[in-house]
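These notes concern the structure reproduced below.
The values are calculated or read from the model by the stated rules, or taken from the named source; none is laboratory data. Just so we're clear, the structure is a prediction, and the values are computed from it rather than from any experiment. Because the Cβ atoms are built from the backbone with ideal geometry, glycine has one as well, and the counts that use them run over all protein chains shown.
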Amino acid sequence: MQLPKFNALFLLVPFFCIAQNKEIEVQELPKGHPGSLITITQDYGSGTMDGYNLYVPNSCSNATEKYPVLVFLQGGLGVGGEVDKLLQWALPQMIMEDSSLTSDLDRYLRDTFVVVMPHIDGGEFFRNEATMRKILEEVLSSENVDPSRVYLTGLSRGGFGAWGLASTMDDVFAAVAPICGGPRGVTDYSALASLPIWVSHNTEDSVVRYHRSERGVAQLEIEANLKFHHSGSIVSADYENENYIFTSRESDSHNAWTEMYGEPNFYKWLLRFKK
C-alpha cells in the first residue's frame, strides 16, 4: 500500500485513518530544509522498539530513481522517553540542524538516503529483529526506495545492535558500520562474512572498551577468514577498495561517531554495495 507523503497538513487526516494504531507526528524542520521528517509511535506487540523516525529527502519521489536506505541505531542516552528523543545528537542531529546542500557531506546527509531511526524504550536492539523487519517492510512499501541498498549503522548501544542485527538480517542489509560497540548478539560470525563491514572504535574509550570491537574483528578474521584493513582515522581508510575496515583512532573519547558521520568517504563506501 502506498502511504501518502507529508507535504501538506490536509494529508494527515487520511493517513490517520489508514494507520489506526499509530501515533504520527510531522516534525518541524528549519525553513527551507531539503527533507521531511515524521515520527511514528507504535505498539508492535513484542520487543522493546516503540516507534521510529523517518527522514525523506524532498527530492525522493515516484518520479526519481529509487533511493538507498540508511538505518541508524541510537546510543543509550536515547533509550526511553519520546521516540524523537534520539534526534538530539549524532547522525540525526547533523541531518536536522542545517538545510545546506552545498558540500558533498551536506548532500550525503540530507539528499541521498531515506533515513530510518528506530527507537527503543529499553533492552537491546539485537533482540528486536522481528520489529526491525516490520519497520523496514513499512518503509519499503511506503517510500520510493531500493531494497537492494539498505545499510545499517549505530553507535554505542546501537553499535552493539548493528553487530547483532546484521548477523541475523544478513538477507536485508547491504553493508554495516558498527561504531564504539561490540559483537553482542552475534552467535554466527559466518552470517556476517557476506556483509561489507566498517568498524570504528577509539582505542582508549572508557565507556565501551575498545577490546569489544577488537575481539569482534579478530573473531571475524578467524571464523570467516576475512582480512580487515586497519586505519588510524576515517579519512585515511581505503574506502574505494576495501570491503572490511577497522578504524582505531587514538583517543579517550567515547565519541567515535562524529568523525565517521562527518566524512563523505563513509557514505561513498556504503554506496559501493548492493545485495
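Computed quantities for the displayed model
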| item | result |
| --- | --- |
| Subset tally (residues that are among the small types (G, A, S) and in contact with a Cys (Cβ under 8 Å, 6 or more places away or on another chain)) for the range 153-171 | 2 |
| Residue in the range 72-79 that is surrounded by 24 or more Cβ atoms within 10 Å (Cβ to Cβ) and within 17 Å of V150 (Cβ to Cβ) present | yes |
| Pick from the range 7-41, criterion of a type outside the set (A, V, I, L, M), touching a strand residue (DSSP E or B) at 6+ places or on another chain (Cβ under 9 Å) and in a loop (DSSP other than H, G, I, E, B), ranking: modelled with the lowest pLDDT | N7 |
| From A256, A174, residue being under 26 Å from L105 (Cα atoms), touching a Cys at 6+ places or on another chain (Cβ under 6 Å) and of a type in the set (A, V, I, L, M, F, W, C) | A256 |
| Test: residue in the range 58-69 that is within 28 Å of N128 (Cα to Cα) and either modelled with pLDDT under 95 or among the charged types (D, E, K, R) (or both) | yes |
| Residue among E259, E214, E223, E242 that is surrounded by fewer than 20 Cβ atoms within 10 Å (Cβ to Cβ) and touching a helix residue (DSSP H, G or I) at 6+ places or on another chain (Cβ under 7 Å) | E223 |
| Filter pass, S236 being more than 17 Å from G158 (Cβ to Cβ), in contact with a Ser or Thr (Cβ under 9 Å, 6 or more places away or on another chain) and in a loop (DSSP other than H, G, I, E, B) | yes |
| Matching entry among G158, G154, G164 (being out of contact with any Leu (no Cβ under 7 Å at 6 or more places or on another chain) and not in a loop (DSSP other than H, G, I, E, B)) | G164 |
| Selected residue (only one of P147, P183 is assigned to a strand (DSSP E or B) and touching a helix residue (DSSP H, G or I) at 6+ places or on another chain (Cβ under 7 Å)) | P147 |
| Qualifying residue in the range 202-209 (condition: over 27 Å from G123 (Cβ atoms), at pLDDT 95 or above and of a type outside the set (G, A, S)) | yes |
| Hits in the range 80-127 (condition: without any contact (Cβ under 8 Å) to a residue 60 or more places away in the chain, surrounded by 15 or more Cβ atoms within 10 Å (Cβ to Cβ), farther than 18 Å from A177 by Cβ and in contact with a Gly (Cβ under 8 Å, 6 or more places away or on another chain)) | V83, K85 |
| Filter result for the condition that a residue is surrounded by fewer than 20 Cβ atoms within 10 Å (Cβ to Cβ), over 17 Å from M117 (Cβ atoms) and touching a residue at least 24 places away in the same chain (Cβ under 8 Å), over S167, S190 | S190 |
| Single residue of the range 206-260 satisfying the filter (among the β-branched types (V, I, T) and over 18 Å from G75 (Cα atoms)) that is farthest from the chain's Cα centre (by Cα) | I222 |
| Within the range 240-275, tally of residues that are without any contact (Cβ under 8 Å) to a residue 60 or more places away in the chain, assigned to a helix (DSSP H, G or I) and not charged (D, E, K, R) | 1 |
| Of all residues making up the range 220-259, the number that are among the small types (G, A, S), farther than 19 Å from M94 by Cβ and modelled with pLDDT of 95 or more | 6 |
